[in-house]
Amino acid sequence: FLKESISKKNWGQFFTPLKVVRAIVEMAKDEIKDGSSICDPACGVGKFLLEPIVTRLDTFYDITNKDIKPKITIHGFDKGFDKDEQKTIILAKANMLIYFSDLIKENPALTKKFATIFNESFILKTNSILGTLSEPIENEYDLILTNPPYVTSGSSNLKEEIKKDKELENYYKINALGVEGLFMEWIIKALKPGGKAFVVIPDGMLNRQNDKHLRKFLLDECYLDGLISLPLNTFFTTNKKTYILCVTKKIKKEDIQTSPVFTYIVSEIGETRDIYRFDIEQNDLQEAVNLFNAFKGSKEYFLKNNSEIRCKIQPIEMFSKNIENNWTIDRWWSEKERIDLGIIKKNEKISLFEFSSLVEDVASSIQELQIEIRELAEKKKSNLNYKKFKLNELFDIKRGFSKYTKKYGNINKGNYPVYSASNNSPLTFINTYDFEGEFLTWATNGFAGYIKVISDRFSINADRGLLISKNEKVNIHFVKYQIEPILRNLAKGRRGEKGKDEFTKVYPSMIENLKIFIPINENGEIYIEKQQEIVEKYQVIEETKKQVKEYQEKINGIYVEIENNYKIKDINLKELFTVSKGKSIYTNEYVHKNKGKYPLYSSQTVNEGIIGYINSYDYDNNCLTWTTDGIYAGTIFKRNGKFSMTTHCGALILKNKYKNISLDYLHIFLKTNLKKYAEGTQNKRVTVRIIKSIAIPIPTNNKGEFDLEAQKQIAEKYRKIDEIKLTISKELDKIQSTNISIK
């Protein structure tokens, strides 16, 4: 039965790679003492509970001729309604049988006692689709080791089930996204004060805007001990980015963490990350375990003496100040550090086969998202009544204080954020605060109309406004989704004194009479539960669009390398091209005074780089141009016809003697490689000097001559790949740009 079950491909979903299990167990082993209660709320085949005790069975189980007295308790839970699902618990018990086989052999008279322990250790939950989540446990376990499910489909059904039970509804208050969010809330509440948890989590929990409440709950209830980044494809059936989260539940909730946090980036886990899982020499995961255990022993000493580039000891403020934004620790390593570690490549290249796999992974991920959205769409709709309210009926509308500037922050440094027009991060941090709680705010200037929900203690300056609720039954997130498009629209199309568009102001006086619709119940009272249901649907859509954008950026950011067997000859650009730069005379004033039909190119990338049309031209060539400076430095274009350029552009005109070299081939090569030659950080530059130093590999034939046909074939293949990428990107754009109305 075991062999037959394990051999089935679909069972891969129930297995956490053994190297990951053993790494987590080694990090947690010192926490297992006599009297410890250990739990895995999504136990699968039970490895997280069995591995810690396998070498210490004699210690943890006191066996006499008549009885077995466990000195620890292990509880593994899983749910299952069909026969295949129910096999997980059978496999867990079978695993326990194997682990205990020597003890059973030595004590044959206690077989029934062992059977009782097995049945009490691994329990199948069939009373509810919630499984383990159906029991609102608090303060029960000393140690939790788990890799909870993080599938997207089905999470909305679980939340619907929770709403049917008042006790469960009061227990799950955070409203985190996904099944993993519910499990994380359960884990934190189920820990005893002082208890520890080691949990494998997906990256969404760290970077989703809608999970900021879960991150805050985690810091309020626990000390954050460590966060370890695992590589893609660590798990058998998913390419999701995952992390090992290590926490200790606070004994007193009011205690504030001051100790630093262990963070580490793993590139390899000691085995290949494919279906074969062969052992390999590189095992950063084991090194992470060794360093984490050393860190636990003396955090301050470790902080002073750590020299491992993969390991960074972060102050807790890095997490507390980024609750609303992002806890993805990988970004706290510089690009150079990540390149040095081999985590990213300076110029990432993948094969055609890998590109095909990537497209397949993206399609599969989008299909998962589609399933969740379909579940939302198919839910039974309520016949809701709505009532119209003016915004000033529901909120006091305020604007921040002009005194809060960066200079003010430098003089009055502290831990409380001051928010300005930007939605990304605070302007500064000061030692006082004006507001405490959760509020709806918007940018009055700059990014006018853009809304941000801000929590905790904070202040705002005059470039941000704030809505203070007058009615506790109004869900500010529901209001956000209603008024955000209206506020952004308010900032557009208004005319200033000189007739020019102004896009920068949305003051309180402009929105106080704005009307919104709020659902009401049969008694005419504001219906807060229905607001929350609608908010949850919007949150799913937001996260879907965010993930789609990430997929799009990933596909657009890679370079597909086409392998070929051609012989190559390197030749410098200065030998191939006549190189020149644009002219400084082309200013906005010049364009205004000399309007015509010939395009003028500059450093921008939109509209092919055209910033205007003038009545003269400097070039009449089939050639290449490149952007010389700015954030787009190194961007390459193919040009044909009459045009001119500003000093932010350069031209590459192929010399007549190189008729057997394809401009399309040169364009493809430079499009892929030129940006990596840019100098500088803030203001990047690709100067004429840099251009002239670059060598291009060009295919040659058996005679050593440049092979024009080979160049054309290679260029055509790359053109088709670009066409595929563009088609995919346009389809993903449709998902992101679609406005969806939910009621």
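The values are calculated or read from the model by the stated rules, or taken from the named source; none is laboratory data. This is a predicted model, so every value here is computed, not measured. Cβ placement follows ideal geometry from the backbone for every residue including glycine, while neighbour counts extend to all protein chains displayed. Each accessible area value is taken on the protein alone, full model and side chains, heavy atoms only, with ligands, DNA and RNA left out. Shrake-Rupley method; radii C 1.70, N 1.55, O 1.52, S 1.80 Å.
For the reader, a short list of remarks on this structure follows.
- Scanning the stretch 599-647 for residues that are open to solvent by 60 Å² or more (accessible area, probe 1.4 Å), under 17 Å from L670 (Cβ atoms) and touching a residue at least 24 places away in the same chain (Cβ under 8 Å) turns up E608, N622, Y632, K638.
- Filtered residues of the stretch 263-286 (kept if open to solvent by less than 20 Å² (accessible area, probe 1.4 Å), assigned to a loop (DSSP other than H, G, I, E, B) and farther than 19 Å from L227 by Cα): none
- Test: K216 is without any contact (Cβ under 8 Å) to a residue 12 or more places away in the chain, over 26 Å from L49 (Cα atoms) and not small (G, A, S): no
- Residue tally, condition touching a helix residue (DSSP H, G or I) at 6+ places or on another chain (Cβ under 8 Å), assigned to a helix (DSSP H, G or I) and closer than 20 Å to T544 by Cβ, over the stretch 696-743: 6
- Of residues in the stretch 239-262 being polar (S, T, N, Q) and within 30 Å of I339 (Cα to Cα), the one surrounded by the fewest Cβ atoms within 10 Å (Cβ to Cβ): S259
- Strands (runs of 3 or more DSSP E) fully within the stretch 405-469 counting 1 or more residues that are under 16 Å from Q209 (Cβ atoms) and touching a residue at least 24 places away in the same chain (Cβ under 8 Å): 413-419, 435-443, 451-460
- Candidates L206, L214 - the one that is open to solvent by less than 10 Å² (accessible area, probe 1.4 Å) and touching a strand residue (DSSP E or B) at 6+ places or on another chain (Cβ under 8 Å): L206
- Candidate set: the stretch 436-445, residues that are more than 27 Å from the chain's Cα centre (by Cα) and open to solvent by 30 Å² or more (accessible area, probe 1.4 Å); chosen: the one nearest to L394 (Cα to Cα): E436
- Note on the stretch 371-397: among residues that are modelled with pLDDT of 75 or more and part of a helix (DSSP H, G or I), the one that is nearest to N564 (Cα to Cα) is L391.
- Among the numbered conditions (1) closer than 18 Å to S229 by Cα; (2) surrounded by 15 or more Cβ atoms within 10 Å (Cβ to Cβ), the only one that L358 does not meet is (1).
- Residue match in the stretch 467-483 (condition: in contact with a Lys or Arg (Cβ under 9 Å, 6 or more places away or on another chain), within 13 Å of I397 (Cβ to Cβ), at pLDDT 90 or above and surrounded by 16 or more Cβ atoms within 10 Å (Cβ to Cβ)): yes
- Enumeration of residues in the stretch 304-353 that are surrounded by fewer than 15 Cβ atoms within 10 Å (Cβ to Cβ), assigned to a helix (DSSP H, G or I) and in contact (Cβ under 8 Å) with a residue 40 or more places away in the chain: E317, L352
- Scanning the stretch 193-223 for residues that are closer than 26 Å to I129 by Cα and in a strand (DSSP E or B) yields A197, F198, V199, V200, I201, P202.
- Residue match in the stretch 133-144 (condition: assigned to a helix (DSSP H, G or I) and either touching a residue at least 12 places away in the same chain (Cβ under 8 Å) or out of contact with any strand residue (DSSP E or B) (no Cβ under 6 Å at 6 or more places or on another chain) (or both)): yes
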